1. Run the numbers on the chain and let me know its relative contact order in percent, using alpha-carbon pairs under 8 Å that are six or more apart.
2. Would you compute the Debye intensity of the chain from its alpha-carbon atoms alone, equal scatterers and no solvent, and pass along log10 I(q)/I(0) at q = 0.16, 0.20 Å⁻¹ to two decimals?
3. Which FRET efficiency value, to the nearest 0.05, do you get for residue 11 and residue 40 by plugging their Cβ-Cβ distance into 1/(1 + (r/R0)^6) with R0 = 22 Å?
4. Of the heavy-atom accessible surface of the chain (probe 1.4 angstrom), what whole percent is carbon and sulfur?
5. Taking a ≥ b ≥ c as the square roots of the Cα gyration tensor eigenvalues, with a/c under 1.5 meaning rounded and otherwise prolate when a/b beats b/c, else oblate, which class fits the stretch 1-54?
6. Compute the accessible area per residue over the chain, keeping the other protein chains in place, probe 1.4 Å, unit Å².
7. Which FRET efficiency, nearest 0.05, do residue 119 and residue 1 yield, Cβ-Cβ r, R0 35 Å?
8. Please name which of 60, 113, 36 has its Cα lying farthest along the dipole of the chain towards the positive end, using unit charges on Cβ (Lys, Arg +1; Asp, Glu -1) and the Cα centre as origin.
Amino acid sequence: QVQLVESGGGLVHAGGSLRLSCVVSGSALNTFDMGWYRLDTGSQHYLVASIRDGGIGWRSPSPNYVGYVKGRFTISRDNDKNTLYLQMNDLKPEDTAVYFCNTNPPRWTWGQGTQVTVSS
């Protein structure tokens, strides 16, 4: 029922920027904590960034990031558009991977992801 469609990836040089988008259909996004995940050479989806939003007024988004992207990536969401974003700045070759969105922890079927490739 829930569909995840990621977009915004591409090929950039080191130091460049990309903005990834994830459109969720089939579920109300504002009831879930969300995250961006990555796949590189393995088959495991690793959490890169997360953001809270359970639709509770006092609950702050509390974005969180894996150490190597702190200061470079920014996760955000637009619940009215059912969309999750990842702004990626100062990209490095080690950021190269396929990026996916999902709940945190993941509970929906994975989408196809979007490829990010960073050249030296």
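The values are calculated or read from the model by the stated rules, or taken from the named source; none is laboratory data. Predicted, not measured: the structure shown is a model, and the values here were computed from it. Backbone-built Cβ (ideal geometry, glycine too); neighbour counts: all protein chains shown. Remember, those area values only see protein heavy atoms, side chains included, never the ligands or the DNA or RNA. Shrake-Rupley method; radii C 1.70, N 1.55, O 1.52, S 1.80 Å.
1. On the way: 293 pairs, mean separation 44.6, N = 120.
Relative contact order of the chain: 37 percent.
2. Evaluating at q = 0.16, 0.20 Å⁻¹ gives log10 I(q)/I(0) of -0.69, -1.07.
3. Values: r = 16 Å, r/R0 = 0.72.
Plugging the Cβ-Cβ distance into 1/(1 + (r/R0)^6) gives 0.90.
4. Numbers: 3070 of 6230 Å².
About 49 percent, which is the carbon plus sulfur part of the accessible surface.
5. Prolate is the answer for the stretch 1-54, as a/c is 1.5 or above and a/b outweighs b/c.
6. Values: 6230 Å² over 120 residues.
Dividing the accessible area of the chain by its residue count gives 52 Å².
7. Working: r = 38 Å, r/R0 = 1.10.
Step by step, r from the Cβ atoms, then E = 0.35.
8. Projecting each Cα onto the dipole axis, the largest value belongs to 60.
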